[in-house]
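**Q** Before I ask anything, here is the structure I am working with.
Please treat every number below as a calculation from the coordinates, not as lab data. Keep in mind that what you see is a predicted model, and the values were worked out from it rather than measured. Methodologically, a virtual Cβ is constructed for each residue, glycine included, from the backbone with ideal geometry; neighbour enumeration extends over all protein chains shown.
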Amino acid sequence: MPQNCTSPNPFQFFNSYSYETFAMVMGIITTGIISFSLIALNVEFSENFIRIWLKSWVVGYFIVVPIILTVGPQLQKLIDRLVKKPLSSLNQGVLLIL
């Protein structure tokens, strides 16, 4: 048996689109939880609950995912700048051996 024989990764496609995959999965989870909670509070568990919830979930998903994809990268850059530590504070207490 050849030593370099490796099985293909079935999720290889998602590796090249990791941020987009994250946005889609995060959109499913967040919109599902929020829409379920708000519909349960406002409509309660009536006979139309599932239909109303699924409709709200789909609408919320198609609103949230494009927002995550467009606003997310800019927000990440802003947060990275805000929490970036100066180089001098990173070297405190560290003995550098040259």
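**Q** For a footprinting-style exposure proxy, rank THR30, THR70 by other Cβ within 10 Å, fewest first.
**A** THR70, THR30
**Q** Kindly put TYR19, TYR61 in sequence by how many other C-beta atoms sit within 10 Å of each C-beta, fewest to most.
**A** Least to most surrounded, the residues fall as TYR19, TYR61.
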